[in-house]
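Here the structure comes first, spelled out in structure tokens, and everything after it is commentary.
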Amino acid sequence: MNLFDTHAHLNDEAYDTDRDEMIQRARLAGITLIVNIGFDLASSRQSIDLAERYDLIYASVGIHPHDAAGTGPGYLEELQELARRPKVVAIGEIGLDYYRDLSPRPVQRKVFLEQLALAKKLQKPIIIHDRDAHGDMMDILRKEKLGPAGGVMHCYSGSWEMARELLAMGFYLSIAGPVTFPNASKLKEVAARAPADRLLIETDAPYLTPMPYRGRRNEPAHIIYTAAEIARVRGMEKENLAQMCAENGRRLFRIA
């Protein structure tokens, strides 16, 4: 299969003992591309380092809402410098997280808006994190508009009604391991109904492990279970689903 894991955190310490082996398992599972995600300046630099070490890995750089309160003067300038590196394909993950509230909400919104503006300036797609913040997120996106480079709602968790509005704005929707859970009826509906040219798949590894490995460390090779479930609800062969989503990811991230 031709699989593209559009969102993973392979610099996480969970892989410190077997990173090379884990990436080899990904290759053997049919994964041809991975976007490794930054969530602060340090992890963004690590993401670039990984991308420069492995041919199948590309990088994103950004400040996660959890880390928004830790930004200091000059962070945007450093982020801009990192974003210009050759294998950096997006700004992310950025957004709002009202579930854990690890940064004050006004600070989350400020840093999110600053990074949206940076992505437009650099003509980079955005990778959005949205957890329990749908109202404020949609208000911001309606006002600010998506830049011409586009963007993706990572690990989509909203309703089909919200998905329709995001699709009208030009977003891609990325589906992760929870679609394999038996009680994920809303997510299965989104996966079934999303337009063929706007659907992506991801692991968010080492998090959000799909069935049958739920509760254990996730890794890119497990994306085959997510792809199989999305293919099932769409009535497709999993190889065709994987190819379709890989082409969508290449188009969004402008990877030849």
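Where a number appears in this text, it was derived from the coordinates with a stated rule and is not lab data. In this text the structure is predicted, and so the values were computed from the model without any measurement. Cβ placement follows ideal geometry from the backbone for every residue including glycine, while neighbour counts extend to all protein chains displayed.
The peptide list 127-134, 46-53, put in order of mean Cβ contacts within 10 Å with the highest first, becomes 127-134, 46-53. The residue among Ala133, Cys245, Ser43 whose Cα reaches farthest toward the positive pole of the charge dipole of region 3-253, with charges on the beta-carbon of Lys, Arg, Asp and Glu, is Cys245. With θ taken as phi - 60° and the Karplus curve 6.51 cos²θ - 1.76 cosθ + 1.60 applied, the whole-hertz 3J(HN,Hα) list for region 50-64 is 4, 4, 6, 8, 10, 5, 7, 9, 10, 10, 10, 10, x, 10, 5 Hz, x standing for glycine and proline.
Taking amide H positions as modeled 1.01 Å from N, with prolines and chain starts lacking one, the residues under 5 Å from Asn2 and 5 or more places away or on another chain are Gln243.
Computed 3J(HN,Hα) for region 211-218, one whole-Hz value per residue from the Karplus formula 6.51 cos²θ - 1.76 cosθ + 1.60 where θ = phi - 60°, is 5, x, 9, 3, x, 10, 4, 8, glycine and proline marked x. Helix content alone sets the calculated 222 nm mean residue ellipticity of the chain: runs of n ≥ 4 DSSP H residues at -39500 (n - 2.57) each, divided across all residues, give -13000 deg cm²/dmol.
Footprinting exposure proxy ranking of Asp139, Asp5, fewest other C-beta atoms within 10 angstrom first, gives Asp139, Asp5. Highest average first, the peptides 163-173, 197-207, 9-19 ordered by how many other beta carbon atoms sit within 10 Å of their residues are 197-207, 163-173, 9-19. Rounded to the nearest 20 debye, the dipole size of the chain about its Cα centre is 720 debye, using +1 on the Cβ of Lys and Arg and -1 on the Cβ of Asp and Glu. Remark on Ile201: its backbone amide H falls under 5 Å from those of Thr6, Ile175, a criterion applied only to residues 5 or more positions apart or on other chains, H modelled at 1.01 Å from N.
Please list, ordered by chain and number, the residues whose modelled amide H lies under 5 Å from the amide H of Gly95; skip anything fewer than 5 residues away on the same chain. Long-range HN contacts for Gly95: His129. Note that region 105-116 has calculated 3J(HN,Hα) couplings of 4, x, 5, 3, 5, 4, 5, 4, 4, 5, 6, 4 Hz, one per residue in order, obtained from phi through the Karplus relation 6.51 cos²θ - 1.76 cosθ + 1.60 (θ = phi - 60°); glycine and proline are x.
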